[in-house]
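Asks: Pasting in a structure now, in structure tokens, and then I'll have a few things to ask.
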Amino acid sequence: MRVHVETRGSGRPVVFTHGIGATRHTFDSVAADLSADHTVITWDLPGHGDSEVFADRAAYERDRVLEDLDDIVAGCHESPILAGHSLGGYLTLAWAVSRPGRAAALAIMATGPGFRDAEKRQAWNDRSERNAHRFGVAPQAAEMNLQHDASVIEGLADIDLPVALLVGDADNAQLIGGMQYLEAKLAHATLDVVAGGDHAMHEGEHAATVAAAIRGLDTRIEAT
């Protein structure tokens, strides 16, 4: 395995994927709560935290990063809940679209659905390239944040899983709108707009809210 992975607790596995510029430690508060009754798995994306910084840009392409997630899921003792924040949420959706039936449920935090329009994708990609230095990652790692197709937004209707969506009401208005779009397009999604929550709401006082939403997925999984 080419990425750094940390596992704690026991019970149904929950795999957390962080956003660009963050590390697995962004989930420490939620993981401390959930590990009382779940196996919590956190990992550092390539070029982040304790994972290797690759010189080759191809090492950060979406499909290659999804293979890292494949390796982690393969080690789970049962189908996991996949949880992702920001870029990690987008990658989680991409994994669920391309690997149907392999996850038990999804928890998506502060994530957009991507773009159908090629010009809008290119504008997003241009901004991501320009702003990569702000996240403290190697320039080539910005590749993970780029969108080269519309596979996620076009595949949302095919995700037949319980999904918990969470976004803070103090987050970016466009992002809140994106989460509302996800709620409308995902067949089994519920959206929790967390009062007072910002983009990193899972790190602070709202960590318990995030943990509770993930625990709520256990009941929904059993009901399917």
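The values are calculated or read from the model by the stated rules, or taken from the named source; none is laboratory data. Computed from a prediction, not measured in an experiment: that's the story for all the values here. So basically every Cβ, Gly included, is an ideal-geometry build from the backbone, and we count neighbours across all protein chains shown.
Asks: Suppose we filter the range 156-180 for residues that are touching a residue at least 60 places away in the same chain (Cβ under 8 Å), surrounded by 14 or more Cβ atoms within 10 Å (Cβ to Cβ) and either more than 23 Å from PRO100 (Cβ to Cβ) or not small (Gly, Ala, Ser) (or both); how many remain?
Replies: 7
Asks: Same structure, new question: Identify all residues within the range 68-96 that are assigned to a helix (DSSP H, G or I) and within 17 Å of LEU146 (Cα to Cα); write none if there are none.
Replies: In the first step, residues of the range 68-96 are kept if they are assigned to a helix (DSSP H, G or I); the result is 68-74, 87-96.
Listed by number, the residues that qualify are LEU87, GLY88, GLY89, TYR90, LEU91, THR92, LEU93, ALA94, TRP95.
Asks: Still on this model: On the basis of being touching a helix residue (DSSP H, G or I) at 6+ places or on another chain (Cβ under 8 Å) and buried (at least 16 other Cβ atoms within 10 Å of the Cβ), does GLY88 make the cut?
Replies: Working: touching a helix residue (DSSP H, G or I) at 6+ places or on another chain (Cβ under 8 Å): no; buried (at least 16 other Cβ atoms within 10 Å of the Cβ): yes.
No: the conditions fail for GLY88.
Asks: Continuing with this model, one more query. Report yes if VAL73 is among the β-branched types (Val, Ile, Thr), on the phi < 0 side of the Ramachandran plot and either more than 15 Å from the chain's Cα centre (by Cα) or modelled with pLDDT under 95 (or both), otherwise no.
Replies: Working: among the β-branched types (Val, Ile, Thr): yes; on the phi < 0 side of the Ramachandran plot: yes; either more than 15 Å from the chain's Cα centre (by Cα) or modelled with pLDDT under 95 (or both): no.
Considered against the rule, which asks whether it is among the β-branched types (Val, Ile, Thr), on the phi < 0 side of the Ramachandran plot and either more than 15 Å from the chain's Cα centre (by Cα) or modelled with pLDDT under 95 (or both), VAL73 comes out as no.
Asks: Considering each of GLU143, GLU119 in turn, give the residue that is among the acidic types (Asp, Glu) and within 18 Å of GLY88 (Cα to Cα). Walk me through it before giving the result.
Replies: Values: GLU119 fails: within 18 Å of GLY88 (Cα to Cα).
After ruling out the rest, the residue left standing is GLU143.
Asks: Another question, then. Give the residue that is surrounded by the fewest Cβ atoms within 10 Å (Cβ to Cβ), with candidates limited to residues of the range 133-147 that are in contact (Cβ under 8 Å) with a residue 60 or more places away in the chain and not in a loop (DSSP other than H, G, I, E, B).
Replies: ARG134
Asks: Still on this structure, I have one more. Determine, yes or no, whether ASP44 is in contact with an Asp or Glu (Cβ under 7 Å, 6 or more places away or on another chain) and either free of Cβ contacts under 8 Å to residues at least 24 places away in the same chain or over 20 Å from VAL97 (Cα atoms) (or both). Even if it seems obvious, please write down each step before you answer.
Replies: Details: in contact with an Asp or Glu (Cβ under 7 Å, 6 or more places away or on another chain): yes; either free of Cβ contacts under 8 Å to residues at least 24 places away in the same chain or over 20 Å from VAL97 (Cα atoms) (or both): yes.
In short, yes.
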